[in-house]
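Trainee: Okay, here's the structure, questions in a sec.
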């Protein structure tokens, strides 16, 4: 019984709070101006990678400052997802 009580007391102490969306611990998100076009200012396409479970592909663009943006293409809809992940370089 003592071990059970000890376990119930210690388990909550081992949990860490997850970061809030949009906090400093998450990647920035940028809205695409259109679901049909990637802005030229986002740079050149440097890679494409499949996302099998989503029936989509990730397109990776890098601009002149080194900022990388990941845009997702939905193969079923033939459209871009409305938001891109932004990875800035320092």
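Trainee: How much length, in nm to one decimal, is gained on full extension between residue 67 and residue 90, taken as 0.36 nm per residue of separation minus their Cα-Cα distance?
Mentor: Extra length available between residue 67 and residue 90 comes to 7.4 nm.
Trainee: With the crude spin-label approximation of a point 7 Å out along Cα→Cβ, what separation in nm comes out for residue 46 versus residue 28?
Mentor: A separation of 1.6 nm, rounded to one decimal place.
Trainee: Ranking 31, 90 by Cβ neighbours within 10 Å, fewest first, what do you get?
Mentor: Going from sparsest to densest Cβ surroundings: 90, 31.
Trainee: Going by the alpha-carbon gyration tensor, a ≥ b ≥ c the square roots of its eigenvalues, is the stretch 20-81 rounded (a/c under 1.5) or, if a/c is not under 1.5, prolate (a/b greater than b/c) versus oblate?
Mentor: Note, shape of the stretch 20-81 comes out oblate.
Trainee: Would you calculate the separation in nanometres between label points at residue 79 and residue 54, each defined as 7 Å from the Cα along the Cα-to-beta-carbon direction?
Mentor: Result: 1.5 nm between the two label points.
None of the figures in this text is laboratory data; all of them are computed from the coordinates on show. Since the model is a prediction, treat every value here as computed from it, not as a measurement. Glycine also receives a Cβ, built like all others from the backbone with ideal geometry; neighbour counts cover every protein chain displayed.
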